[in-house]
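Peer 1: The structure follows.
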Amino acid sequence: MHISDRKKSLNRTLSLVAVVLLLLTYLAIVSRVYAVNPMTFYILIAIGALVSYNVYQIFTKKFRERDQMIQTPFPEAWRAILEQYVEYYRALSDEQKRLFESEIQIFLHETRVTGIQCEVDDTTLVLAAASAEIPVFSFPEWEYDNLGEILIYPNAFSKDFRTEGEGRNVWGMVGTGLMEGVMILSQPALISGFKNDNDKQNVGIHEFAHLLDAADGEYDGVPRAFLHHQYIEPWLEAMHREIQRINTGESNMNPYAATAPVEFFAVATEYFFEHPEAMKQRKPELYELMCKIFNQDTGSRFRNALKSMVNYTGNKVGRNSDCPCGSGKKYKNCCLKNARQYAMEV
């Protein structure tokens, strides 16, 4: 996902080009000063060089911090959580485990995880990050540029984000409108999804699958950003056949998958990562298509490189916005105090 020499090289190249163009423009403006006052000209040149250096440092900050993060020892307590809860992690080789851990560190350094009327403990923090990394572990170019913050709720919540009253039957949601770029996860549902390795359900992976679905600009159950064009029609046919089988009681897939194509893809993603052996045996056609989806590297390198230059890490709830808990207070004066991000050791 985040660790890619090609992305880092592109970031440095674009940053250098931008700084050189900026410096040349500046020199063209101040060059006329030389004839009037050479000393002032040389002072302006020194200032321009200093500003250019600082601009380059700003543009390359994101990847320099990622390099530092890779060198930061992974917390042993976090490793124990991955070993205990995450079957996907346990199945990795030692080298892959180290890479997965580095991805977790980078994700949590750049993504805020905030407890809404609850505390974010290490288990919640690590499992939220694992939910993000599992679907995209094969894609070093991938960036969750449509996510900046994860809100953790103490239990189920309503579609309008309420934690009290009736209608609280939602365990996970990708925000829309004012909550665009924000994910909401129920703390007990997140943890429960990793406790049972073979139940084919995982709310964290489910919600991140929605973000992958939307990478092409639409929530429609067709992950075009991850699927070669020639496989789109077979995917649609397989999806509609399986939905029909669910509706007629012939499928053991979660019935929620039949409510909409967008939910079918998310449920299939849960199934694929939670119980791949069963999917391969019982639904070989669907399994093969899921393999094609999650083994295609589809990063948009140029777009991501430009965003990295301004240290973009996704949308977050504004500090001065109303707190999602409904207290009526500003976010910075309420639940934002429960936010956690991973900091580098210095």
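Peer 1: Take the chain, connect every pair of alpha-carbon atoms lying under 10 Å apart with a spring to form a Gaussian network, then pick out the residue of ASN169, ASN146, ASN202 with the largest mean-square fluctuation.
Peer 2: ASN169
Peer 1: Could you pull out every residue, at least 5 positions away or on a different chain, whose amide H is within less than 5 Å of the one on SER321? Hs are placed 1.01 Å off N in the peptide plane, and Pro or chain starts have none.
Peer 2: TYR331, LYS332
Peer 1: Using only alpha carbon positions, build the gyration tensor of segment 251-298, then give the equivalent ellipsoid semi-axes as the square roots of 5 times its eigenvalues, largest first, whole angstrom. Could you put the intermediate results ahead of the total?
Peer 2: On the way: eigenvalues 57, 40, 14 Å².
Ellipsoid half-lengths, sorted descending, are 17, 14, 8 Å.
Peer 1: Rounded to the nearest 5, what is the percent of antiparallel bridges among the DSSP beta bridges in the chain?
Peer 2: On the way: 7 of 16 bridges.
The answer is about 45 percent antiparallel.
Peer 1: Going by average Cβ neighbours within 10 Å, how do the peptides 113-123, 35-45 rank, with the highest at the top?
Peer 2: On the way: 113-123: 18.8, 35-45: 12.3.
Per-residue mean Cβ counts within 10 Å order the peptides as 113-123, 35-45.
Peer 1: Given segment 148-290, what whole percent of its Cα pairs are spread farther than 28 Å?
Peer 2: The share of Cα pairs beyond 28 Å in segment 148-290 comes to 19 percent.
Peer 1: I would also like to ask the following. Sticking with the crude label model, points 7 Å out along Cα→Cβ, report the distance from ILE29 to ARG241 in nm, one decimal please.
Peer 2: Placing both labels 7 Å beyond Cα along the Cβ direction yields 6.3 nm.
Peer 1: Let me ask something else about it. For percent of Cα pairs over 40 Å apart, the choices are (1) 30; (2) 20; (3) 9; which was calculated from the structure?
Peer 2: The value matching this structure is (2).
Peer 1: Return the sequence-ordered ³J(HN,Hα) values of segment 282-295 in whole Hz as given by the Karplus equation 6.51 cos²θ - 1.76 cosθ + 1.60 applied to θ = phi - 60°, using x for Gly and Pro.
Peer 2: 8, 9, x, 5, 5, 4, 4, 5, 5, 4, 5, 4, 8, 10
Peer 1: Here is a further query. With a 1.4 Å probe and every protein chain kept in, tell me what percent of the accessible surface of the chain is carbon plus sulfur. Can you show the working numbers first?
Peer 2: Numbers: 8990 of 16550 Å².
It is 54 percent, rounded to a whole number.
Peer 1: Using the heavy atoms of the protein chains and a 1.4 angstrom probe, tell me the accessible area per residue for the chain in square angstrom. Please report the intermediate quantities before stating the final value.
Peer 2: Values: 16550 Å² over 346 residues.
On a per-residue basis, the chain sits at 48 Å².
Peer 1: How big is segment 156-233 in terms of Cα radius of gyration and Dmax, in angstroms?
Peer 2: Just the Cα atoms of segment 156-233 yield Rg and Dmax of 14.6, 48 Å.
Peer 1: Expressed as a rounded percentage, what relative contact order does segment 119-197 have, with Cα pairs under 8 Å and six or more residues apart?
Peer 2: Details: 89 pairs, mean separation 24.1, N = 79.
RCO, segment 119-197: 31 percent.
Peer 1: Please report the spacing between the Cα centers of segment 31-45 and segment 233-258 in Å, no decimals.
Peer 2: When both Cα centres are located, 73 Å separates them.
Peer 1: Turning to a different aspect of this structure: Mind giving me the nanometre distance, one decimal, between the label points for ALA18 and ASP94, set 7 Å out from Cα along Cα→Cβ?
Peer 2: My value for the distance between the label points is 4.1 nm.
Peer 1: Based on the Kirkwood radius over alpha-carbon pairs, what value in µm²/s does the Stokes-Einstein equation return for the translational diffusion coefficient of segment 3-114 at 4 °C and 1.567 mPa s? Numbers along the way, then the final one.
Peer 2: Working: Rh = 17.5 Å.
Taking Rh from Cα pairs, D becomes 74 µm²/s.
Peer 1: Per 0.36 nm of contour for each residue apart, how much would the distance between ARG319 and ASN169 grow if the chain were fully extended, relative to their Cα-Cα spacing?
Peer 2: Details: separation 150, 0.36 × 150 = 54.00 nm, distance 2.76 nm.
Taking 0.36 nm per residue and subtracting the Cα distance, the gain is 51.2 nm.
Peer 1: Taking 0.36 nm per intervening residue step and subtracting the Cα-Cα distance, what contour gain separates LYS292 from THR40 on full extension?
Peer 2: Numbers: separation 252, 0.36 × 252 = 90.72 nm, distance 6.20 nm.
Additional length available on full extension: 84.5 nm.
The values are calculated or read from the model by the stated rules, or taken from the named source; none is laboratory data. What you see is a predicted model; the values in this text were computed from it and never measured. So basically every Cβ, Gly included, is an ideal-geometry build from the backbone, and we count neighbours across all protein chains shown. Please note that ligands, DNA and RNA were not included when accessible areas were found on the heavy atoms of the full protein model with its side chains. Shrake-Rupley method; radii C 1.70, N 1.55, O 1.52, S 1.80 Å.
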